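The values are calculated or read from the model by the stated rules, or taken from the named source; none is laboratory data. Nothing here was measured: the structure is a model prediction, and the numbers come from that model. With ligands, DNA and RNA removed, areas are computed over all heavy atoms of the protein, side chains included. Shrake-Rupley method; radii C 1.70, N 1.55, O 1.52, S 1.80 Å.
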Amino acid sequence: MTLTGEVDRLGMNRIAIDLRFTEADAASLERLHQRMSEWLKRGSLARLVLRCNPSDQQKTALRQAKDGTHQLGMTRMASSANDGVADRNLRAFGIANLYLCSTSVLPTSSQANPTLIVVALALRLSHHIARLFKWGGVSPTEVRTP
């Protein structure tokens, strides 16, 4: 996603979205399917059956990748500001009181709906902020990461 030289009716630069799926995306999906299949089998829950030859799985995934209905990664979680926008506690680098809790902090996608992951992140963030309040009576307007 980049800003273009074109402006909208409010005078703000428009964005251009260049959505491409890579071999790394397909490999990530293949690993997800493999781990999910192992988990299902281990628990005697189900059996994952793919509709393609295992050797064609990545090629098939890339052929079917048409849209990005679960856009991710615009405010990536990372270990430093050089690599992302938010730290592991979802706090924006350089802004003490700004926390980001959305799928935008996820650097990659498993291809499936990420709702469960963002709910887990929200719960984790709420526990983190609650701990900050316990560490010395911090008020909501004074939240700092220790």
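Explain nothing, just the number: relative contact order of the chain, from Cα pairs under 8 Å at least 6 residues apart, as a whole percent. Spell out each step's value before the answer.
Details: 157 pairs, mean separation 22.3, N = 146.
Across the chain, relative contact order equals 15 percent.
Can you give me the solvent accessible area of Leu98 with a 1.4 Å probe, rounded to the nearest 10 Å²?
Here the residue's solvent-accessible area equals roughly 70 Å².
How much length is gained if the chain between Ile117 and Glu6 is pulled fully straight, taking 0.36 nm per residue apart and subtracting their Cα-Cα distance, in nm to one decimal? Numbers along the way, then the final one.
Numbers: separation 111, 0.36 × 111 = 39.96 nm, distance 3.53 nm.
In short, 36.4 nm is gained.
Could you please put Leu50, Leu3, Leu123 in sequence from largest to smallest accessible area, using a 1.4 Å probe? Don't skip to the answer; put the middle values down first.
Details: Leu50 65, Leu3 125, Leu123 100 Å².
Final ranking, largest accessible area leading: Leu3, Leu123, Leu50.
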